[in-house]
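Accompanying notes for the structure given below.
The values are calculated or read from the model by the stated rules, or taken from the named source; none is laboratory data. Remember, predicted model here, so these are calculated numbers, not experimental data. Don't worry about glycine lacking a Cβ; one is built from the backbone with ideal geometry, like all the others, and counts go over all protein chains shown.
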Amino acid sequence: MPTYNKLIRNKIPQIIKANGKTPTTRILNEDEYIEELCKKTQEELTEYIEAKIKPHKLEELSDLLELINALAEHEGTTLEEINNIRKKKAEERGGFSD
């Protein structure tokens, strides 16, 4: 089985087991977890940038949103609170679309 050494979704080990293989995983400490969330965010952003068709772009955006949700949870907040901050900034400074 290949070695990836990267953050995976929490249901991936069960999926691997269901396919008759044995995954090797470990729980990261908090600092490692945040570092890996940031690496995974960069990876998914690159995949979004490189995606050629809309369905792939949308899938990568959903991955980014999942990562933002995990980062928000780590900060003790929610996507709703983050979105409220975004709206306030948009009212004060504008946004990035028309």
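Things to note:
Okay, residues lined up against (1) exposed (fewer than 13 other Cβ atoms within 10 Å of the Cβ); (2) in a helix (DSSP H, G or I); (3) not hydrophobic (A, V, I, L, M, F, W, C):
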residue	(1), (2), (3)
Lys6	yes, no, yes
Gly20	yes, no, yes
Leu28	no, no, no
Glu35	no, yes, yes
Cys38	no, yes, no
Glu43	no, yes, yes
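- Residues located in segment 66-98, provided they are of a type in the set (Val, Ile, Thr) and in a helix (DSSP H, G or I): Ile68, Ile82, Ile85
- If the condition is being touching an Asp or Glu at 6+ places or on another chain (Cβ under 7 Å) and acidic (Asp, Glu), then segment 19-62 contributes Glu44, Glu47, Glu60.
- Some residue of segment 45-53 being exposed (fewer than 13 other Cβ atoms within 10 Å of the Cβ), among the basic types (Lys, Arg), in a helix (DSSP H, G or I) and at pLDDT 95 or above: no
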